[in-house]
Amino acid sequence: EKLYDELADISRQAAGEAPGLKTLPVFEDPWHDGGADGALGLGLVLATAVHVLREMEFRGMPVEDSAARVHFNLCVSSDFFLEISRFRALRVLWSRILTASGVDPATATIQIHARTSRRTGTVLDAHVNMLRSTTQAMSAVLGGVDSLHVAPFDEATSRPDEFSRRIAR
């Protein structure tokens with residue numbers, strides 16, 4: 001409850017001082033890292049976003065204002081075409097949720113950040129992770145993400161060195 005109170009206060013303050021700032025994050029990490037497949041992860045992310053909208057509405061924020069502040073943080077797995085379709089589906093489904101909530105989707109543009117999957121990395125041959133990260137990054141880009149984090153290939157085995165950070169960039 002306290003977290004939602006603080007998020008509402010931050011969002012109200014940002015409305016006046018930083019109108020473009022997205023202050024209501026929705027993360028897929030807990031479900032993805034816990035084993036959820038793409039469809040389940042997408043459903044849980046959307047359910048979480050609706051929950052955030054309801055919590056902000058309960059705290060006196062109009063749904064239009066809250067919807068404009070939501071940003072999605074998704075994980076990219078190794079199924080190339082499924083991941084592309086997930087990002088595209090998220091845009092369509094979020095638009096439908098906004099319409100059902102009485103919000104014009106054009107006033108609440110969606111922002112999607114993606115990161116390469118931690119659970120698909122291998123420890124036995126870390127260099128294979130370069131191929132996996134490349135495929136995951138490409139599917140995220142083709143899916144239309146706004147920002148992307150590509151993890152260094154040796155992240156699962158050790159602290160990334162300069163070479164692995166450079167390759168990730």
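Taking Gly60, is it out of contact with any Pro (no Cβ under 7 Å at 6 or more places or on another chain) and in contact (Cβ under 8 Å) with a residue 60 or more places away in the chain? Give the derivation first.
Details: out of contact with any Pro (no Cβ under 7 Å at 6 or more places or on another chain): yes; in contact (Cβ under 8 Å) with a residue 60 or more places away in the chain: no.
So Gly60 does not fit the description; no.
Condition first: in a helix (DSSP H, G or I), among the basic types (Lys, Arg) and closer than 23 Å to Gly34 by Cα. Now tell me which residues in the range 129-169 satisfy that. Write out each step before concluding.
Initial filter on the range 129-169 (in a helix (DSSP H, G or I)): 129-143, 162-168.
Still in the list and also among the basic types (Lys, Arg): 132, 165-166.
Once the filter is applied, which keeps residues that are in a helix (DSSP H, G or I), among the basic types (Lys, Arg) and closer than 23 Å to Gly34 by Cα, the range 129-169 yields only Arg132.
If you check Asp33 against the conditions, is it of a type in the set (Asp, Glu), open to solvent by 10 Å² or more (accessible area, probe 1.4 Å) and without any contact (Cβ under 8 Å) to a residue 40 or more places away in the chain? The answer is no for Asp33. Being farther than 25 Å from Leu82 by Cβ and part of a helix (DSSP H, G or I) is the filter; apply it to the range 16-30 and report the residue that is most open to solvent (accessible area, probe 1.4 Å). In this case the residue turns out to be Glu17. Taking the range 53-86 as the range and being open to solvent by less than 60 Å² (accessible area, probe 1.4 Å), among the hydrophobic types (A, V, I, L, M, F, W, C) and more than 27 Å from Leu3 (Cβ to Cβ) as the test, the residues that pass are Phe80, Ile84. Among the residues of the range 140-166, those identified as in contact with a helix residue (DSSP H, G or I) (Cβ under 7 Å, 6 or more places away or on another chain) and farther than 16 Å from Ser117 by Cα are Leu142, Gly144.
Condition check: aliphatic (A, V, I, L, M), modelled with pLDDT under 95 and open to solvent by 20 Å² or more (accessible area, probe 1.4 Å). Does Ile110 satisfy that? Considered against the rule, which asks whether it is aliphatic (A, V, I, L, M), modelled with pLDDT under 95 and open to solvent by 20 Å² or more (accessible area, probe 1.4 Å), Ile110 comes out as yes.
Note on the range 87-107: residues that are surrounded by 13 or more Cβ atoms within 10 Å (Cβ to Cβ) and in a helix (DSSP H, G or I) amount to 11.
Only one of the numbered conditions (1) open to solvent by 20 Å² or more (accessible area, probe 1.4 Å); (2) assigned to a loop (DSSP other than H, G, I, E, B) is not met by Ala126, and that is (1).
Inside the range 154-167, residues that are under 24 Å from the mean Cα position of the chain (by Cα), open to solvent by 20 Å² or more (accessible area, probe 1.4 Å) and of a type outside the set (Lys, Arg) make up a count of 4. Taking the condition of being in a helix (DSSP H, G or I) and either more than 11 Å from Leu74 (Cα to Cα) or among the acidic types (Asp, Glu) (or both), how many residues in the range 31-43 meet it? Within the range 31-43, residues that are in a helix (DSSP H, G or I) and either more than 11 Å from Leu74 (Cα to Cα) or among the acidic types (Asp, Glu) (or both) number 4.
The values are calculated or read from the model by the stated rules, or taken from the named source; none is laboratory data. These numbers were taken from a predicted model, which means no experiment stands behind them. Positions of Cβ are backbone-derived with ideal geometry, glycine not excepted, and every protein chain shown enters the neighbour counts. Note: areas computed on protein heavy atoms with side chains; ligands, DNA, RNA excluded. Shrake-Rupley method; radii C 1.70, N 1.55, O 1.52, S 1.80 Å.
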